[in-house]
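Have a look at the structure below, then the notes.
The values are calculated or read from the model by the stated rules, or taken from the named source; none is laboratory data. Remember, it's a predicted structure, so these values are computed and weren't measured experimentally. Because the Cβ atoms are built from the backbone with ideal geometry, glycine has one as well, and the counts that use them run over all protein chains shown.
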Amino acid sequence: MSDASNSSSEPLERWLLVRGRGDRRLAPMVNAHELRAHSSTRRPSVQRGDLAVCYAAGWQSIFAVVEVTGEPENDPERTRWRWRFPIRPLLALADLRDAPPVEAAGVLPRSLGRHSYIRLTADQYALGRAALAAHVVGAGYDAMADRFAAWQADIGGMSGPRRTKRLLARLPERPDVLELGVGAGAEQSRLLAERGQLIAVDVSEQQLRRARERLPGAKLLHADLQAVDFPARRFDAVMSFYALNHVPRESLRPLLEHVAHWLRPAGWFLAAFAASDLEGWHGDFLGAPSFFSGYVPEVNEALVREAGLEIVESEVETIHEPEGAARFHWVLAQAPPEAHPAAPS
């Protein structure tokens, strides 16, 4: 990957922090404000700045991403779990009953033994954060479905329908199209469904319920767009409108590699990326939790090219949301006419 894609400083290490083991099983409802420290029976190897995924042992689920904010300290007055280090939550679920299994981070429960923490690879940490972000985003859009519909109706300057019409003119008469993050089925989705065979993916059940009413001919899948898979050379085009800013940015590279694998020779990719350097933000959006992340346009372009696609158009667009102006980075790219990227690992 280009140096630009690593513009933010890398964490020293990444960990899985095991919480609620044995008779200390965690309560199902998570209070993120209580994620202030983690304990260990011996001096842990963590350092300030490390990142970690929290694992609820009794539920065999992951439920939060945290940052280590200080060095480990020994508390001689404690008879057990004498070592503690401070943490702060970066991303957290509210209910363990809806949390993804620890396997989503590439970790098997039986591999954890009696450890209170284990070291993760960069890929394992990225998988865990991506799974948690998808759960937060999906639950958020479920909760704010009506508010989001009203808010979206007040946005001005969105060019998705215009760009879709231009791209449809380049495609076969009845193209096979994939849309990642279909939401409630906006105008550009309706154009795709009317002109072609549309498969559309979204992580929100409530948004898909609305999309089913608007896109009766489309095949709609309730799934995380980061986790779906399709055969090679399946689609004439892959689209994503204002959804990739919900994907943890370290997950964009493997996602784009999958897109390139799914495209037919000379197939097209059209997407709106985030247009700013945002490692990850978790907070309230329209009265519900959400997650946003992204790179600057130069890094987006580098990632698209590294996936094996040729950029035809690249443009930063400003739209007018009810709260003010917002910038997105539109990219139109094409797969090679003959050679096809190898299947992503």
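Tabulated data for the structure shown
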{"read-out": "Which numbered condition HIS246 misses (of (1) more than 30 Å from LEU90 (Cα to Cα); (2) at pLDDT 95 or above; (3) surrounded by 17 or more Cβ atoms within 10 Å (Cβ to Cβ))", "value": "(1)"}
{"read-out": "Condition check for GLY128: assigned by TED's automatic domain parsing to the domain that holds GLU315 and in contact with a helix residue (DSSP H, G or I) (Cβ under 6 Å, 6 or more places away or on another chain)", "value": "no"}
{"read-out": "Residue within the range 95-102 that is touching a residue at least 60 places away in the same chain (Cβ under 8 Å) and of a type in the set (A, V, I, L, M) present", "value": "yes"}
{"read-out": "Unique residue being out of contact with any Gly (no Cβ under 8 Å at 6 or more places or on another chain) and without any contact (Cβ under 8 Å) to a residue 40 or more places away in the chain when the list is ALA271, ALA326, ALA307, ALA333", "value": "ALA326"}
{"read-out": "The range 270-301, residues that are aliphatic (A, V, I, L, M), buried (at least 19 other Cβ atoms within 10 Å of the Cβ) and within 14 Å of GLU250 (Cβ to Cβ)", "value": "ALA274, VAL299"}
{"read-out": "Any hit, the range 191-208, residues being among the polar types (S, T, N, Q), part of a strand (DSSP E or B) and under 23 Å from the mean Cα position of the chain (by Cα)", "value": "no"}
{"read-out": "Of all residues making up the range 61-86, the number that are assigned to a loop (DSSP other than H, G, I, E, B), among the charged types (D, E, K, R) and more than 31 Å from the chain's Cα centre (by Cα)", "value": "5"}
{"read-out": "Selection count where residues are of a type in the set (Phe, Trp, Tyr) and either in contact with a Lys or Arg (Cβ under 7 Å, 6 or more places away or on another chain) or outside the structural domain of ALA32 (by TED's automatic domain parsing) (or both), scope the range 71-86", "value": "1"}
{"read-out": "Scan of the range 299-316 for residues that are over 19 Å from ARG264 (Cα atoms), under 20 Å from the mean Cα position of the chain (by Cα) and of a type outside the set (A, V, I, L, M), ordered by number", "value": "ASN300, GLU301"}
{"read-out": "ARG43 among the basic types (Lys, Arg) and closer than 24 Å to THR121 by Cβ", "value": "yes"}
{"read-out": "Breaking point among (1) surrounded by fewer than 18 Cβ atoms within 10 Å (Cβ to Cβ); (2) at pLDDT below 95; (3) more than 19 Å from the chain's Cα centre (by Cα); (4) of a type outside the set (Lys, Arg), for ASP98", "value": "(3)"}
{"read-out": "Residues (more than 22 Å from HIS282 (Cα to Cα) and not in a helix (DSSP H, G or I)) located in the range 121-154", "value": "THR121, ASP154"}
{"read-out": "Per-region count, the range 145-185, residues under 26 Å from the mean Cα position of the chain (by Cα) and under 23 Å from ARG234 (Cβ atoms)", "value": "13"}
{"read-out": "Any hit, the range 224-238, residues being surrounded by fewer than 24 Cβ atoms within 10 Å (Cβ to Cβ), assigned by TED's automatic domain parsing to the domain that holds VAL299 and part of a helix (DSSP H, G or I)", "value": "no"}
